[in-house]
Amino acid sequence: MAPSAWPPGKVLDLTRLLPGPLAGKLLLEMGFPVLKVEPPGGDPLKALAPEAYRFLNEGKEVLVLDLKAEEGRARLLGLVAEAAVFLESNRPGAMERLGLGPEALLAENPRLVYVRLRGYRDAPDPGHDLTYLALSGGLAHIGREGQPPTPPLNLVADFGGGGMLLAAGVMAALVERASSGLGQVVDAAMVDGAALLMAP
């Protein structure tokens, strides 16, 4: 791709907490302008871990929108029309209930790469890094022989299997779009990512 064609557009980052914002940070470092769209209450990470919030979101433009209000949804649709990538990490069905699911957004912008980050793909159950890692089988291989597994911070499922693989999926979709001219849905599940990291 010629330097003048990079970046191919803006990233709208609606993710919260850790793995999604990491993917947004990686895309920012690759040269994408990233607009972080936060609800009126903000990203809970800001209160839970202010330093982590600052690191993961530094350099992103922040816009507060109430997507439960018609005005907020209309504003987001206007932004989608000019965006390259849309990142979200809500439970399955949440964006569709707001009228902002992949079908609606790709109708607005057929070149959009719509990215869904989940714990378990289509299952609505909540979870955490340790849960995804345990279900993938990875947790059993961490720690000392004869002792209980050692929780490995949030590095494997959230960051490695979530944020890092999500960013790779975005780049693959953009490469494909350069040929087809069309966007697509990238469905990233952290339990799948953690299992993939166990392959070696």
In degrees, nearest 10, the alpha-carbon axis of helix 165-180 is tilted away from the dominant principal axis of the alpha carbons of the chain by 40 degrees
Descending packing, highest mean Cβ count within 10 Å first, for 186-194, 63-71 is 186-194, 63-71
Stretched fully, the stretch from Glu29 through Lys68 gains (0.36 nm per residue minus C-alpha distance, one decimal, in nm) 10.9 nm
Check: C-alpha center segment 162-200 vs C-alpha center segment 57-98, spacing in Å is 20 Å
Within the under-11-Å Cβ sphere about Gly127, not counting Gly127, Lys/Arg +1 and Asp/Glu -1 give a net charge of -1
Segment 63-200, convex hull of Cα, quarter of hull surface, nm² -> 9.7 nm²
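Rule-based calculations on the coordinates, nothing more; no lab input. Just so you know, these numbers come straight off a predicted model, no measurement behind them. Cβ coordinates were reconstructed from backbone atoms using ideal geometry, including for glycine residues, and neighbour counts include every protein chain displayed.
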